[in-house]
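Okay, structure first, notes after.
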Amino acid sequence: MGITFNADEVLQMAERAEANGGAFYRRAAELRPAAESEMAEKLRGLAAMEEDHRRTFADMRAELPERMREETAADPYVQAGMFLETMADRHGGEGSPSVADALTGEESVEQILRTAIGLEEKSILFYLGLKDMVPPKLGKDKIDAIIEEEKGHIVVLAAELKEAKTAS
C-alpha cells in the first residue's frame with residue numbers, strides 16, 4: 001500500500017509553499033539596487049500575491065469537513081507536520097527556500113520571472129502527483145483547486161514577463 005494524504009495535509013503543504021514563494025520575491029526585492037526601486041516594488045507586489053494565495057489555501061483548509069482531515073497513518077511521535085513541511089520545502093517547485101537563498105542580486109527581472117514560472121510549473125507537477133495519493137473521500141477534488149490556483153499564478157507571471165520584455 002502506498003502513501004495516502006488527505007486534503008488538509010496537502011493544503012498545509014500548499015500554504016507553506018506559498019509562504020516560501022513570498023519569501024523568494026521579498027528576497028529578490030531586497031537585493032535590488034536603490035536605482036531599481038520600481039522593480040523592487042513589483043517584486044514586493046508578487047510577494048503580496050503569494051500571501052493572498054496562502055490565505056486562499058488557509059481559508060480552503062479551514063472550510064474542510066472533518067472527514068477530509070482524517071489521519072491517513074499512525075503518527076505516535078507527532079512527526080507528520082515536520083514531514084509535510086519538508087515536502088513543501090523540498091519538492092523543487094514554488095516555495096523552495098534554496099531558490100531564494102541562491103539569489104545573488106545580479107538577476108534581471110526577466111530571469112526572476114522565468115525562474116518563478118518554472119517553479120510554478122514544477123509545483124503543478126508536484127500537486128498532480130499528490131492528487132494520486134489523495135482518495136476521493138479525503139478531498140481529492142480540493143487538489144484540483146490548488147492546481148487551478150497555480151495555473152493562475154503562471155498566467156500572472158507570464159503577463160509580468162511580457163511587460164518586462166516590452167519595457168527593456
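Above 18 Å lies some portion of the pair distances; for region 90-168, what is it as a whole percent of all C-alpha pairs?
Details: 1538 of 3081 pairs.
In whole percent, the share of Cα-Cα pairs in region 90-168 beyond 18 Å is 50.
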Can you list the HN-Hα couplings for region 143-149, worked out from phi with the Karplus curve (6.51, -1.76, 1.60; θ = phi - 60°), rounded to whole Hz and with x for Gly and Pro? 5, 4, 5, 5, 4, 5, 4
Calculated FRET efficiency, GLU107 and ASP144, Cβ-Cβ r, R0 30 Å, to nearest 0.05? 0.35
Any idea how far apart ALA167 and GLU30 come out in nm if each label point goes 7 Å out from Cα toward Cβ? 2.2
Once you have a ≥ b ≥ c as the square roots of the Cα gyration tensor eigenvalues for region 1-70, tell me rounded if a/c is under 1.5, and otherwise prolate or oblate according to whether a/b is larger than b/c. prolate
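Read-outs throughout are calculated quantities, based only on the coordinates presented, and are distinct from any laboratory measurement. Fair warning: this is a prediction, and the values are worked out from it, not measured in the lab. Methodologically, a virtual Cβ is constructed for each residue, glycine included, from the backbone with ideal geometry; neighbour enumeration extends over all protein chains shown.
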